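Chemist: Have a look at this one before I ask anything.
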Amino acid sequence: MKKISNNIFLMMLIFGTLVTISSNSWLGAWMGLEINLLSFIPLMNDNKKNLLTSESSLKYFLTQAFASSILLFAIIMLMFFYNNNMNLYNSFNELLILSTLLLKSGAAPFHFWFPEVMEGLSWINGLILMTWQKIAPLMLISYNFIYKFFMITIILSMLIGSLGGLNQTSIRKLMAFSSINHLGWMLLAMMNNEMLWMIYFLLYSLLSFSIVLMFNNFKLFYFNQIFNMSMMNPIMKLFIFLNLLSLGGLPPFLGFLPKWLVIQNLVTMNQLFILTISVCLTLITLYFYLRLSYSIFMLNYQKNSWLLKNNFNNKLSFTSLIFNFISISGLVMMSMIYVVM
């Protein structure tokens with residue numbers, strides 16, 4: 001019965017996002033966001049054993065409800081000013097709508113709820129929050145942006161996403177700050193090209209799916225769990241290591257491709273200042289991925305030669321293996337296809 005209800009809520013979650021994307025009015029988009037929110041709350045409370053889930057779902061509900069109420073207020077004001085032929089809606093209302101949508105997506109400086117909510121979720125719910133839940137707000141942001149405010153948000157998202165992950169011991173919080181950093185890149189891609197941020201989002205979702213499947217498979221939530229896994233197959237550790245580097249955007253992995261496209265676009269548009277800041281701040285995220293990856297291999301690594309049998313789940317599912325292969329060798333394969341064509 002529980003599985004059926006979860007499937008219904010998941011369908012409603014997808015439906016809410018599709019309503020928002022396909023809506024031709026702000027009110028319709030707001031309704032889609034509300035359907036999406038009310039469908040995700042029961043999915044968040046799926047695991048009754050974890051006490052943090054109810055806390056996370058409450059935090060998520062309060063922030064999203066607060067953002068929704070301000071968004072509705074801004075929409076009503078927009079309609080009022082438009083019907084009375086007043087020009088005030090151009091500046092203040094756009095800023096208000098943009099701020100609420102950034103709060104909903106978890107971009108800096110409205111990011112405070114995001115790592116805290118991620119900490120209390122299971123890996124699958126965390127994946128939904130990092131990927132699917134960002135589609136509707138990002139799509140609405142692309143309709144309505146203010147250049148100066150966008151620049152501040154992009155730099156802050158990259159800065160907080162980079163520095164916030166340095167002092168973490170929780171993998172879920174690390175992934176949350178990584179998501180904030182990637183969100184900065186998506187907004188940067190959105191500034192010049194409508195299609196570019198969608199490509200970035202799709203590739204980021206694929207990479208996140210690949211690494212979250214591994215963390216979920218091995219039930220990893222904190223760094224010390226990875227360090228103490230002496231019975232873990234070194235090949236599995238290598239997969240985690242390479243996936244982290246791919247998510248960080250290191251060539252020659254697939255994670256470098258979306259950043260490469262954005263960099264190329266910024267060079268073409270001659271926006272070298274924001275490009276330099278973005279690349280420098282992303283190097284910090286790559287640093288903490290490298291720090292974690294080196295620690296996995298070098299620190300506290302022991303292997304029991306006398307232990308012939310262990311009950312540890314050392315195998316990956318076929319789906320996980322395919323996504324790992326795409327994440328690690330995707331860019332090389334695409335380059336080869338491009339050269340052949």
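The values are calculated or read from the model by the stated rules, or taken from the named source; none is laboratory data. Quick caveat: nothing in here was measured; it's all calculated off a predicted structure. Note that we place each Cβ from the backbone using ideal geometry, even for glycine, and neighbour counts take in every protein chain shown. Side chains are part of the model used for accessible areas, which takes the heavy atoms of the whole protein and leaves out ligands, DNA and RNA. Shrake-Rupley method; radii C 1.70, N 1.55, O 1.52, S 1.80 Å.
Chemist: From largest accessible area down, sort Phe80, Phe177, Phe323; use a 1.4 Å probe on the protein chains.
Modeler: Working: Phe80 115, Phe177 25, Phe323 50 Å².
The most accessible residue leads, giving Phe80, Phe323, Phe177.
Chemist: To the nearest 500 deg cm²/dmol, what mean residue ellipticity at 222 nm is calculated for the chain from DSSP H runs of n ≥ 4 alone, each contributing -39,500 (n - 2.57), summed and divided by the residues?
Modeler: Here the helix-only value at 222 nm equals -25500 deg cm²/dmol.
Chemist: Over the Cα atoms of the stretch 98-146, how large are the radius of gyration and the largest Cα-Cα distance (Dmax), in Å?
Modeler: 11.3, 35
Chemist: Cα atoms only: what Rg and Dmax, in Å, come out for the stretch 148-274?
Modeler: Looking at the stretch 148-274, its Cα Rg and Dmax stand at 15.9, 52 Å.
Chemist: Another question about this same structure. Which distance in nm do the two modelled labels at Ile4 and Ile199 give, with both placed 7 Å along the Cα-to-Cβ direction?
Modeler: A separation of 4.6 nm, rounded to one decimal place.
Chemist: What angle do you read, to the nearest 10 degrees and between 0 and 90, between the alpha-carbon axis of helix 52-83 and the longest principal axis of the chain?
Modeler: The helix 52-83 is inclined about 30 degrees to the chain.
Chemist: By how many degrees, 0 to 90 and rounded to 10, does the Cα axis of helix 132-143 deviate from the longest principal axis of the chain?
Modeler: On a 0 to 90 degree scale, this one is about 40.
Chemist: For the stretch 1-160, calculate the relative contact order in percent as a whole number, restricting contacts to Cα pairs under 8 Å that are 6 or more residues apart.
Modeler: The value is 23 percent.
Chemist: Enumerate the amide H contacts of Tyr222 below 5 Å, restricted to partners 5 or more residues apart or on another chain; note that Pro and chain-start residues carry no placed amide H.
Modeler: For Tyr222, the qualifying residues are Ile171.
Chemist: Any idea what the dipole of the chain comes to, in debye rounded to 20, about its Cα centre with Lys/Arg Cβ at +1 and Asp/Glu Cβ at -1?
Modeler: Numbers: 17 positive and 7 negative charges, 211 e Å.
Dipole magnitude for the chain comes out near 1020 debye.
Chemist: If each of Asn83 and Gln271 carries a label point 7 Å out from its Cα toward its Cβ, how far apart are those two points in nm?
Modeler: About 3.7 nm separates the two model spin labels.
Chemist: Full-extension gain between Asn50 and Gln264, please, as 0.36 nm times their residue separation minus the C-alpha to C-alpha distance.
Modeler: Details: separation 214, 0.36 × 214 = 77.04 nm, distance 4.45 nm.
Using 0.36 nm per residue and subtracting the Cα-Cα distance, I get 72.6 nm.
Chemist: Which of the three applies to the stretch 1-75, rounded, prolate or oblate, going by the alpha-carbon gyration tensor with a ≥ b ≥ c and a/c under 1.5 meaning rounded? List each step's numbers first, then the result.
Modeler: On the way: a/c = 4.48, a/b = 1.47, b/c = 3.05.
Cα axes put the stretch 1-75 in the oblate bin.
Chemist: Want the number for Arg291 to Leu250: 0.36 nm per residue separation, take away the alpha-carbon distance, what's left?
Modeler: 13.4 nm
Chemist: So how strong a dipole does the stretch 146-291 carry about its Cα centre when Lys and Arg Cβ are +1 and Asp and Glu Cβ are -1, to the nearest 20 debye?
Modeler: Details: 7 positive and 1 negative charges, 66 e Å.
Dipole of the stretch 146-291, to the nearest 20 debye: 320 debye.
Chemist: By how many degrees, between 0 and 90 and to the nearest 10, does the Cα long axis of helix 171-192 differ from the longest principal axis of the chain?
Modeler: Helix 171-192 and the main axis of the chain meet at about 50 degrees.
Chemist: Regarding the chain, what whole-number volume in Å³ per residue does the convex hull of its Cα atoms give?
Modeler: Working: hull volume 53.8 nm³, N = 341.
With only Cα atoms used, the chain gives 158 Å³ per residue.
Chemist: Have a look at Tyr287, Ser57, Asn224 and report the one farthest towards the positive end of the charge dipole of the chain, computed about the Cα centre with Cβ charges (Lys/Arg +1, Asp/Glu -1).
Modeler: Farthest towards the positive pole: Asn224.
Chemist: Okay, moving on. Please identify every one of the trypsin sites (Lys or Arg not before Pro) in the stretch 17-88 that sits in a loop by DSSP and has no more than 13 other beta carbons within 10 Å of its own beta carbon. All intermediate terms of the calculation are to be shown ahead of the outcome.
Modeler: Details: sites: Lys48, Lys49, Lys59; in loops: Lys48, Lys49.
Qualifying residues, ordered by number: Lys48, Lys49.
Chemist: Can you give the relative contact order of the chain as a percent, counting alpha carbon pairs under 8 Å and 6+ residues apart?
Modeler: Numbers: 407 pairs, mean separation 49.1, N = 341.
So the answer I get is 14 percent.
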